[in-house]
Amino acid sequence: MAELTMERPRENLESLKMKNTLEDFDFSFQPSIDKRQIEGLATMRFLENGENIVFLGPPGVGKTHLASALGMVAARHRFSTYYINCHSLIEQLKKAHFENRLPDKLKALGKYKLLIIDEIGYLPMDIQGANLFFQLIARRYEKVSTVFTSNKTFSQWNEIFADVTIASAILDRVLHHCTVVNIKGESYRLKERKEYMKQKQHIVNTLFEQGQN
Ligand SMILES: Nc1ncnc2c1ncn2[C@@H]1O[C@H](COP(=O)(O)OP(=O)(O)O)[C@@H](O)[C@H]1O
Ligand SMILES: [Mg+2]
């Protein structure tokens, strides 16, 4: 990967969460995910067709992991790839607008063959934010692919985007050519935490037993 970054320094590969790969995703822990569907997405055909992907689900189920793992595959295939958190994206767009350089910013963000917008709906968006977001989505529509992750259902997207009309204009374009991966399951973070607590309890018990002897 380091080699790729050096060869294509402008691609911000470091912005991807490099530790997340498809190989270390435990599909058996998340049976609602169809492994073959994810493998199909990893062929990158969706990128060639300018299609989108949306990962939906509660926190900790692997949305960011899978989105960035697909980003890593795209980068390996030499597709220009950029990962950004939705909140920072909106902040950047607002700043560009404020500094009268929105067209350049939209042009730059519109060029990535793959843009990953993580965590849609974690923080509320005001009407200006929603408008700027729409402009970016409209610009990329049917040309280049975007991967989204969200902990909100599509019907809740109306609330995220402050205005129902903007929300439906966004959803229309996002979903027109799109694979939706709806993840229903337990949080992997909680699983790790539970295992850690179990281990800790085991150590306490052992020490206690040793103390008794
Ligand atoms: N099925 C899984 N196999 C391996 N690691 C996982 C799995 N699901 C989640 N993780 C790991 O758990 C943590 C939380 O996952 P993440 O993708 O950030 O969740 P989300 O974005 O859905 O909140 C990350 O460190 C991720 O690598
Ligand atoms: Mg996440």
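Brief remarks on what is shown
- Test: residue in segment 34-43 that is at pLDDT below 95 and either part of a loop (DSSP other than H, G, I, E, B) or farther than 22 Å from residue 152 by Cα (or both): no
- Filter result for residue 139 (at pLDDT 95 or above, touching a Gly at 6+ places or on another chain (Cβ under 9 Å) and either part of a helix (DSSP H, G or I) or among the hydroxyl-bearing types (Ser, Thr, Tyr) (or both)): yes
- Criterion (charged (D, E, K, R), modelled with pLDDT under 95 and more than 30 Å from residue 125 (Cβ to Cβ)) met by exactly one of 11, 48: 48
- Members of segment 172-194 found to be assigned to a helix (DSSP H, G or I), touching a Phe, Trp or Tyr at 6+ places or on another chain (Cβ under 8 Å) and either modelled with pLDDT of 95 or more or of a type in the set (Phe, Trp, Tyr) (or both), listed by number: 173, 174, 175, 176, 188
- Residues being over 20 Å from residue 142 (Cα atoms) and either in contact (Cβ under 8 Å) with a residue 12 or more places away in the chain or among the small types (Gly, Ala, Ser) (or both) - total across segment 85-117: 12
- Residue 162 vs. criteria more than 16 Å from ligand 2 (Cβ to nearest atom) and assigned to a loop (DSSP other than H, G, I, E, B): yes
- Scope segment 70-129; condition in a helix (DSSP H, G or I), of a type in the set (Lys, Arg) and surrounded by fewer than 15 Cβ atoms within 10 Å (Cβ to Cβ); matching residues: 76, 95, 107, 111
- Count of segment 32-46 residues which are charged (D, E, K, R) and surrounded by 11 or more Cβ atoms within 10 Å (Cβ to Cβ): 3
- Residue satisfying condition, being within 25 Å of residue 47 (Cα to Cα) and either without any contact (Cβ under 8 Å) to a residue 24 or more places away in the chain or within 16 Å of ligand 1 (Cβ to nearest atom) (or both), within set 158, 205, 151: 151
- Hey, residue 38 within 18 Å of residue 143 (Cβ to Cβ), aliphatic (A, V, I, L, M) and either within 15 Å of ligand 1 (Cβ to nearest atom) or in contact with a Cys (Cβ under 8 Å, 6 or more places away or on another chain) (or both) or not: no
- Filtered residue count, segment 97-148, keeping only those that are more than 23 Å from residue 43 (Cα to Cα), among the aromatic types (Phe, Trp, Tyr) and under 18 Å from the mean Cα position of the chain (by Cα): 3
The values are calculated or read from the model by the stated rules, or taken from the named source; none is laboratory data. Predicted, not measured: the structure shown is a model, and the values here were computed from it. Cβ: placed from backbone, ideal geometry, glycine included. Neighbour counts: every protein chain shown.
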